Amino acid sequence: MKILVVGTGAREHAIVHALASEAAAGGDAHDLHAAPGNPGMGRQATLHAVDANDGAAVAGLARELGVDLVVVGPEAPLVAGVADAVREAGIWCFGPSAEAAQLEGSKAFAKDVMAAAGVPTAMAHVCTTEQEVADALDAFGAPYVVKDDGLAAGKGVVVTPDRDAALEHARAALAARGAEGRVVVEEFLDGPEVSLFCISDGAAVVPMVPAQDFKRVGDDDAGPNTGGMGAYTPLDWAPPGLVDEVVARVAQPTIEEMARRGTPFSGVLYVGLALTSRGPRVVEFNARFGDPEIQAVLARLRTPLSRVVVAAARGDLGSLGPLRWSDDAVVNVVVASEGYPASPRTGDPVTGIAEAEALDGVHVLHAGTARSDDGTLVSAGGRVLSVVGRGADLAAARAASYAGVAKIGLQGSHHRSDIALKAERDEVRVP
């Protein structure tokens, strides 16, 4: 197949990597393209300098290339309607419409859908003024949870015991969006968090394996929230039957409610969960694969990814059957640039990727990289690389990933040293 992947990050590189790996596993050899892509993706796909958020440009490129399928990776193009433009051009597309992508684009909209579908989630207040925020904070008490209503690149959420910090985050979010500004103040959910990706064609739902990510910048969950500093799978500590329960109580009712509203959701419904003392509760929905979790999840997928995304795009997911998975464990550690997340430094040379990938069970995915004028690979964002390690168990996968990280050279870079550590030590507890 000829496939165009839209996006620039490690999520999109993971998709390209999975599609390219099908040939090595005895499957089809695809003709892969990426818009605009990144230098790592350029090793496996032809890159095209097209604005990922410009639906007309992406659809035009897809027509020009004669692709069979477009896979839209990030949330911003989805909310901007890129998938709509591609479908209007008569080309299969994996990714929800702009209307359906409001499940991620608006926290308030997502809460309304959850309520209508009977999905278990945190109690919440949608606030449009600072006074409403203050009243909601006082109603729920600490720890305080404040979410920007719109897209914020994974950094629109504050969870803090400091009421002043929570109020300041809300104030900034409201001011940034002017008259349309809204924030969602929620009750705090106890228990470990889980990410579950559910593939849908607008009617059927096929779950992937769950993963856990690490949102705060420092070890032991210290420091501010980031886009994600690492992830791992499987979750041996998760309750038996969790995936089936989430599909039955969360994903399927949400997909049915979206169809009832006339905005069927086709693509990836990311279900972010907290396993609380009262059972699983939805923390948030996203309308695409999560980064950094999907880098780990796709490394375990044995069903060809191309079959999955084509079935969803064609509305034929019911014929796919359960997905097949490796028994291996996978750990993804993110290498971030100096100053991330507050003020990431860019333009520094990145070295050691070939040495890392020479290690058994390691591959490296590019997130924020570029080529300088002289061809040198340099940092171009906050999260620069995802170093993915595979092993027979979490201890082996962690050892592989961190051995790969040790080979990477990037001035001032930092990473968490405790990705999957508590799970390896069997220290994760569900209330």
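The values are calculated or read from the model by the stated rules, or taken from the named source; none is laboratory data. This structure is a prediction, so every number in the text was calculated from the model and none was measured. All Cβ positions, even for glycine, are placed from backbone atoms using ideal geometry, and neighbour counts span all protein chains on display.
Restricting to segment 380-394, name every residue that is more than 15 Å from Ala358 (Cβ to Cβ) and either of a type outside the set (A, V, I, L, M, F, W, C) or in contact with a strand residue (DSSP E or B) (Cβ under 6 Å, 6 or more places away or on another chain) (or both).
Residues satisfying the conditions are Ala380, Gly381, Gly382, Arg383, Val384, Leu385, Ser386, Gly391, Asp393, Leu394.
When you scan segment 175-273 for strands (runs of 3 or more DSSP E) that lie fully inside it, which ones turn up with 3 or more residues that are under 24 Å from Ala98 (Cβ atoms) and touching a helix residue (DSSP H, G or I) at 6+ places or on another chain (Cβ under 6 Å)?
Answer list for segment 175-273: 193-201.
Taking the options Gly352, Gly347, name whichever one is on the phi > 0 side of the Ramachandran plot and surrounded by fewer than 15 Cβ atoms within 10 Å (Cβ to Cβ).
Just a single option satisfies the conditions, and that option is Gly347.
Please go through (1) closer than 21 Å to Gly228 by Cβ; (2) outside any loop (DSSP other than H, G, I, E, B) for Asp418 and return the number of the only condition it doesn't satisfy.
The number of the failed condition is (2).
Could you give every pair whose Cβ atoms fall below 9 Å, whose first residue belongs to segment 8-21 and is farther than 15 Å from His48 by Cβ, and whose second residue is of a type in the set (Lys, Arg) and modelled with pLDDT of 95 or more, counting only separations of at least 6 or pairs across chains?
Listed by first residue and then by second, the contacts come to Gly9/Arg383; Ala10/Arg383; Arg11/Arg288; Ala20/Arg43.
Would you be able to tell me the number of residues in segment 310-352 that are of a type in the set (Phe, Trp, Tyr) and not in a loop (DSSP other than H, G, I, E, B)?
Taking segment 310-352 as the starting set, the residues that turn out to be of a type in the set (Phe, Trp, Tyr) are 325, 340.
Applying the additional criterion that residues be not in a loop (DSSP other than H, G, I, E, B) yields 325.
Counting residues in segment 310-352 that are of a type in the set (Phe, Trp, Tyr) and not in a loop (DSSP other than H, G, I, E, B) gives 1.
Give segment 343-391 a look and list any residue that's closer than 26 Å to His48 by Cα and hydroxyl-bearing (Ser, Thr, Tyr), or say none.
Matches in segment 343-391: Thr346, Thr351, Thr369, Ser372, Thr376, Ser379, Ser386.
Looking at (1) surrounded by 18 or more Cβ atoms within 10 Å (Cβ to Cβ); (2) in contact with a helix residue (DSSP H, G or I) (Cβ under 7 Å, 6 or more places away or on another chain), can you tell me which one Ser326 breaks?
(1)
Of the residues that make up segment 137-158, is at least one over 30 Å from Lys2 (Cα atoms), at pLDDT 95 or above and touching a Ser or Thr at 6+ places or on another chain (Cβ under 8 Å)?
Scanning segment 137-158 turns up no residue that is over 30 Å from Lys2 (Cα atoms), at pLDDT 95 or above and touching a Ser or Thr at 6+ places or on another chain (Cβ under 8 Å).
Which residues, taken from segment 274-292, are among the charged types (D, E, K, R) and not in a strand (DSSP E or B)?
Looking only at segment 274-292, we keep the residues that are among the charged types (D, E, K, R), and these are 278, 281, 284, 288, 291.
Result: Arg278, Arg288, Asp291.
Could you grab me the full set of residues in segment 359-388 that are under 20 Å from Ala20 (Cβ atoms), in a loop (DSSP other than H, G, I, E, B) and in contact (Cβ under 8 Å) with a residue 40 or more places away in the chain?
Answer for segment 359-388, where residues must be under 20 Å from Ala20 (Cβ atoms), in a loop (DSSP other than H, G, I, E, B) and in contact (Cβ under 8 Å) with a residue 40 or more places away in the chain: Leu359, Asp360, Ala367.
Going by what's in this entry, would Ala57 be described as under 20 Å from Thr254 (Cβ atoms) and free of Cβ contacts under 8 Å to residues at least 24 places away in the same chain? Don't jump to the end; show me each part of the working.
Values: under 20 Å from Thr254 (Cβ atoms): no; free of Cβ contacts under 8 Å to residues at least 24 places away in the same chain: yes.
Taking the combined requirement at face value, the residue does not satisfy it.
Is there a residue in segment 195-211 that is modelled with pLDDT under 95, of a type outside the set (Phe, Trp, Tyr) and closer than 20 Å to Asp291 by Cβ?
Here is the first cut: in segment 195-211, the residues modelled with pLDDT under 95 are none.
The answer is no, given that none of the residues of segment 195-211 is modelled with pLDDT under 95, of a type outside the set (Phe, Trp, Tyr) and closer than 20 Å to Asp291 by Cβ.
Please indicate, with yes or no, whether at least one residue in segment 392-403 is within 24 Å of Glu427 (Cβ to Cβ), of a type in the set (D, E, K, R) and outside the structural domain of Val205 (by TED's automatic domain parsing).
yes
Every residue in segment 355-404 that is of a type in the set (S, T, N, Q) and surrounded by 23 or more Cβ atoms within 10 Å (Cβ to Cβ), please.
Within segment 355-404, the subset of a type in the set (S, T, N, Q) is 369, 372, 376, 379, 386, 401.
Answer for segment 355-404, where residues must be of a type in the set (S, T, N, Q) and surrounded by 23 or more Cβ atoms within 10 Å (Cβ to Cβ): Thr369, Ser379, Ser386, Ser401.
Being among the charged types (D, E, K, R), in contact with a Phe, Trp or Tyr (Cβ under 9 Å, 6 or more places away or on another chain) and crowded, with 19+ Cβ neighbours inside 10 Å narrows it down to one residue among Asp149, Asp162; which is it?
Values: Asp162 fails: crowded, with 19+ Cβ neighbours inside 10 Å.
Criteria check complete, one pass: Asp149.
Give the residue that is surrounded by the most Cβ atoms within 10 Å (Cβ to Cβ), with candidates limited to residues of segment 64-83 that are of a type outside the set (A, V, I, L, M) and touching a helix residue (DSSP H, G or I) at 6+ places or on another chain (Cβ under 9 Å).
Gly73
Quick one: what pairs do we get from segment 254-283, first residue more than 18 Å from Arg314 (Cα to Cα), second buried (at least 18 other Cβ atoms within 10 Å of the Cβ) and among the basic types (Lys, Arg), C-beta under 9 Å, 6+ apart or different chains?
Listed pairs, sorted by first residue: Tyr270/Arg288; Leu273/Arg281; Ala274/Arg281; Leu275/Arg281.
Exactly one condition in (1) surrounded by fewer than 24 Cβ atoms within 10 Å (Cβ to Cβ); (2) closer than 30 Å to Ala395 by Cβ; (3) out of contact with any Ser or Thr (no Cβ under 6 Å at 6 or more places or on another chain) is false for Val217; which is it?
Only one criterion is unmet by Val217, namely (3).
Answer yes or no: is there a residue in segment 293-304 that is surrounded by fewer than 16 Cβ atoms within 10 Å (Cβ to Cβ), in a helix (DSSP H, G or I) and modelled with pLDDT of 95 or more.
No, every residue in segment 293-304 fails to be surrounded by fewer than 16 Cβ atoms within 10 Å (Cβ to Cβ), in a helix (DSSP H, G or I) and modelled with pLDDT of 95 or more.
Conditions first: (1) assigned to a loop (DSSP other than H, G, I, E, B); (2) among the acidic types (Asp, Glu); (3) touching a helix residue (DSSP H, G or I) at 6+ places or on another chain (Cβ under 8 Å). Glu355 passes all but one, so which condition is the exception?
That leaves (1) as the condition not met.
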